[in-house]
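A short write-up of the structure that comes next.
None of the figures in this text is laboratory data; all of them are computed from the coordinates on show. The model shown is predicted, which means the values in this text are computed figures rather than measured ones. Virtual Cβ from ideal backbone geometry, glycine too; neighbours counted across all protein chains shown.
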Amino acid sequence: MIVPAREYDRRRQEAFADEDYTEAIFLCKRALDDKLESGEIRRYYGLSLLALGRDFEAYPQLERAAALDSRLAPVLSERLFEAGKVDFRENRTARASSRLMEAAKLDTAISLGRFSYLIADEYHRNKDYRRAARFYEEALSIQSDTSIAAQSMMRMAEAYARIDSLDLAEAVYEDIIERYPRVSTRTMPGGTSRICSLTQRGTNGAR
């Protein structure tokens, strides 16, 4: 028996409001089985999974919701951002990073503020150098710690080199030496040679 769409909506919203996320997920699946595809259904599906800590199942649903209704993208991004901040405060750093990265993926205009450095490092580790460079730039706009700022600039220079923006890489490294001469030689030995090596290889690390 096919349940009317409005009845699915009512029951799903009630289950979600009551924090009965398992029931909300069941109702979302039933609606999708009945070909009732919509951004709202995917939104509730993804947020219910997220509430149960099933993040990597939740992300495709949230992305699909945003694809179906672009108005949901900033709303879902903000929800993930807030969840990531809570995780960070409670020392769940890995989950915080994952949720903040997904927030940035859903809404490319989002500002992650003081979390930018954390996310830039994650992108750098994942070899997504284009996004890494973007978030290092954001981190530097608010970073006051000299050592961390210098390290951020070094990694940003490396990220630029990896995506073949070699002029930018060299300019950033020269800026490090000019602004932080003591820090650059103490904390980043071989930095110049690393950038030069990447320049000479003509890297192909872009995504």
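Where in the stretch 64-84 does the amide nitrogen come within less than 17 Å of the point 7 Å from the Cα of GLU19, taken along Cα to Cβ?
83
Please give the FRET efficiency for ARG10 paired with SER141, using the beta carbon to beta carbon distance and R0 = 45 Å, rounded to the nearest 0.05.
So the FRET efficiency works out to roughly 0.50.
Starting from the Cα of LYS105, draw a straight line to each of the lysines and keep only those under 26 Å, dropping any in the same chain fewer than 8 residues away.
Of all the lysines, those that pass the test against LYS105 - Cα under 26 Å, at least 8 places apart if same chain - are LYS29, LYS85, LYS127.
Along Cα→Cβ, 7 Å out, is where each label goes; now give me the distance between the ones at ARG89 and ASP69 in nm to one decimal.
About 2.8 nm, to one decimal.
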